[in-house]
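Single-structure report; data block below.
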Amino acid sequence: MCGIAGKYLLSNSMVNEHDLVRMGDAIKHRGPDDAGTYLSPDRHCGLSFRRLAILDLTDNGHQPMRYQDRYQIVFNGEIYNFEAERAILENDGYRFLSGTDTEVILALYDKYKEQCLEHLRGMFSFAIYDEQDRTLFCARDRVGKKPFKYYFDGQVFLFASELKAILTQAEYHKEPDYEAIHHYLTYQYVPAPRTGFAGIQKLEPGHYLKLDCASGRLTKKRYWRLDYSQQLTLDETEWKQRIMVKLDEAVRLRMVADVPLGAFLSGGIDSSAIVALMSQHSNNPVKTFSIGFKEQKFSELKYAQLIADRFQTDHTEFIVKPDAIETLPLLVRHYEEPYADSSALPTYYVSKLTREHVTVALNGDGGDENFGGYSRYSVQKFALAYDRFHMLHSAIAKPAASALYRLIKTTF
């Protein structure tokens, strides 16, 4: 991951480069390899960047990156189809000085403006300042893999990968958002666009912001939503084939890197499938990493070891000990927003362990969401069935609905 931050002053004040450095230093952990800042000619716009180098490890990948003596970008993420898009752009006369996906985003923006997002396949959050049009264009990927948080009061626009960078700026006065805390106590996290801090929002997945610096108008627009209109009628064999083709393609694209990569391995279906496919696309043993507990009934290490043996991975394990509670203050600082998922602790440890060996790691997150793997999805089916019964007002339907409702309450 990398860290991005920026500031635009709509008043007569000018951005201080020291403020940009402070924003970058606050998220230094996101990008230890390189740092950079940019100030616009009129000094109203400033960008800050912390780099974790993955593609083109040379200085050509330095950010903020300039393009056509007009655009400046700070970009966090990875564009998996950038090589194909670059080839198309080169046929159209565009030239590139680096081997990065960052420069491809800039060229796409020059050609398509906001519609450049339709050409990006990957995870991203970025901001592009156009010196000629005096506009700041900010976007987040379709499912929100990369964070983007911002503050705007009509006079100053602040943005960053993390709240910590925004909190360094004098223009923002720290205040809790009590409604966000209410949502946290209800859902165990803070739903977008709130963050837990009054006035600071997170850009929703599949959305972009555009700040017209001349007028001071900030526009937010949703550029993508999941399309449910296409109904497919396939048998089980066809579904299996399609899913495997897509999953294999997704894994292969994510293995493009100029640094060592590995995988989190729990031994479950999701991470095991990722490791299996990685082994098919790698000439060397895949580096896998697992977290376990001394209490065997809570530990999945034996399942992870089965997969590691099956695919002959270079496997590393770590045992979480009871004194892990001392890590909680560090977790609070990193998560920033109110968050109550107990999996945060083992996730932190496996990430820390993995970083000691590789720079990039693939995981199986999202499988349960896509394929209905959580038990609550079954409960939802019962709830929907109850709603249908409840809508029927016949004498026969009411007792049946009541009986079903009692069954749900006693079972779940």
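What percentages make up the Cα-Cα pair-distance distribution of region 1-144 when the bins are 5 Å wide from 0?
It works out to 2, 10, 20, 23, 21, 14, 6, 2, 0, in whole percents.
Determine the gain in length on full extension of the stretch Arg242-Ala383; use 0.36 nm per residue of separation and subtract their C-alpha separation, reporting nm with one decimal. Provide the component values of the computation, followed by the final result.
On the way: separation 141, 0.36 × 141 = 50.76 nm, distance 3.07 nm.
Between Arg242 and Ala383, full extension yields 47.7 nm more.
Need one number: convex hull volume per residue for region 40-104, Cα atoms only, in Å³.
Working: hull volume 6.0 nm³, N = 65.
About 92 Å³ per residue, rounded to a whole number.
Computed over the Cα atoms of region 98-160, what is the ratio Rg over Rh, Rh following Kirkwood?
Rg divided by Rh gives 0.98.
Kindly write out, for region 51-67 in residue order, the coupling ³J(HN,Hα) from the Karplus curve 6.51 cos²θ - 1.76 cosθ + 1.60 (θ = phi - 60°), rounded to whole Hz, with x marking Gly and Pro.
Ordered by residue, 3J(HN,Hα) equals 10, 10, 6, 10, 10, 6, 6, 7, 5, 5, x, 4, 10, x, 9, 9, 9 Hz.
Treating each Cα of region 194-284 as an identical point scatterer and ignoring solvent, apply the Debye formula and state log10 I(q)/I(0) at q = 0.14, 0.20, 0.21 Å⁻¹.
Each listed q corresponds, in turn, to -0.87, -1.03, -1.06.
In a Debye calculation with equal point scatterers on the alpha-carbon sites of region 136-180 and no solvent, what is log10 I(q)/I(0) at q = 0.28, 0.29 Å⁻¹?
Taken in order of the listed q values, log10 I(q)/I(0) reads -1.14, -1.16.
How do 308-321, 68-81 rank on mean C-beta neighbours within 10 Å, highest first? Write down the numbers at each step before the final one.
On the way: 308-321: 16.0, 68-81: 20.5.
Answer by packing, highest mean first, reads 68-81, 308-321.
Given contacts defined as C-alpha pairs under 8 Å and at least six residues apart, what's the relative contact order of the chain, whole-number percent? Mind showing how you got there, number by number?
Numbers: 700 pairs, mean separation 48.8, N = 412.
Computed over the chain, the figure is 12 percent.
D for region 1-49, whole µm²/s, Stokes-Einstein with Kirkwood Rh over alpha-carbon pairs at 25 °C and 0.890 mPa s: what number?
Details: Rh = 10.9 Å.
Diffusion coefficient, whole number: 225 µm²/s.
Assuming a strict under-24 Å limit between Cα atoms, what lysine pair count do you get for region 221-355 once near-sequence pairs (fewer than 8 apart, same chain) are dropped?
12
Based solely on its DSSP helices, what 222 nm [θ] is calculated for the chain when runs of n ≥ 4 H residues each add -39,500 (n - 2.57) and the sum is averaged over all residues, nearest 500 deg cm²/dmol?
Values: 13 runs with 144 residues, N = 412.
Helix-only estimate at 222 nm: -10500 deg cm²/dmol.
Please give the direction-averaged projected area of the C-alpha convex hull for region 182-237, in square nanometres with one decimal.
Computing the convex hull of the Cα atoms and averaging its projections yields 7.6 nm².
In region 340-374, whose amide N lies under 16 Å from the spot 7 Å out along Cα-to-Cβ of Leu330? List them in ranges.
Counting backbone N atoms under 16 Å from the label point, the list is 344-357.
Students often check this: by mean Cβ neighbours within 10 Å, which of 138-149, 12-23 ranks highest, and how do the rest follow? List each step's numbers first, then the result.
Working: 138-149: 21.6, 12-23: 16.6.
Ranking the peptides 138-149, 12-23 by packing returns 138-149, 12-23.
Between 0 and 90 degrees, rounded to the nearest ten: what's the tilt of helix 178-187 against the longest Cα principal axis of the chain?
30 degrees
Placing unit charges on C-beta atoms (Lys and Arg positive, Asp and Glu negative, everything else neutral), compute the dipole magnitude of the chain about its Cα centre in debye, rounded to 20. Before the final figure, lay out each step's value.
Values: 50 positive and 54 negative charges, 242 e Å.
About 1160 debye.
Once amide H atoms are built 1.01 Å from N in the peptide plane, which residues 5 or more positions from Phe148, or in another chain, come under 5 Å H to H?
Close amide H contacts, sequence-distant or interchain: Leu203.
Checking a compactness column here: for region 144-263, what do you get for Rg(Cα) / (2.2 N^0.38 Å), N being the number of residues? Intermediate results must be reported in sequence, preceding the final value.
Numbers: Rg = 20.2 Å, N = 120, 2.2 N^0.38 = 13.6 Å.
The reported ratio for this selection is 1.49.
Find, among the trypsin sites (Lys or Arg not before Pro) in region 207-304, those assigned to loop by DSSP (not H, G, I, E, B) with at most 16 other beta-carbon atoms within 10 angstrom.
Here the trypsin sites (Lys or Arg not before Pro) that fit, given the DSSP loop and packing criteria, are Arg225, Lys294.
Any idea what diffusion coefficient the chain gets from Stokes-Einstein, in µm²/s, Kirkwood Rh on alpha carbon pairs, 25 °C, 0.890 mPa s? Present the calculation step by step, with values, prior to reporting the outcome.
Values: Rh = 23.9 Å.
It comes out at roughly 103 µm²/s.
For region 216-322, with every protein chain kept in place, what is the accessible area per residue (1.4 Å probe, Å²)? Could the numbers behind the result be given before it?
Numbers: 7440 Å² over 107 residues.
Here the residues of region 216-322 average 70 Å² of exposed surface.
State whether region 69-108 is rounded, prolate or oblate according to the following rule on the C-alpha gyration tensor (a ≥ b ≥ c being the square roots of its eigenvalues): a/c under 1.5 gives rounded; otherwise a/b larger than b/c gives prolate, and the remaining case gives oblate. Working shown, then result.
Values: a/c = 2.11, a/b = 1.14, b/c = 1.84.
Here region 69-108 falls in the oblate category.
For region 136-215, what does the relative contact order come out to in percent, with C-alpha contacts under 8 Å and a separation of six or more? Please report the intermediate quantities before stating the final value.
Values: 122 pairs, mean separation 32.1, N = 80.
Once divided by the residue count of region 136-215, the mean separation gives 40 percent.
The values are calculated or read from the model by the stated rules, or taken from the named source; none is laboratory data. Predicted model, so just to flag it, every value in this text is computed and none were measured. Cβ sites come from the backbone with ideal geometry, for glycine too, and all protein chains shown count toward neighbours. Calculation scope for accessible area: heavy atoms of the full protein, side chains included, ligands and nucleic acids excluded. Shrake-Rupley method; radii C 1.70, N 1.55, O 1.52, S 1.80 Å.
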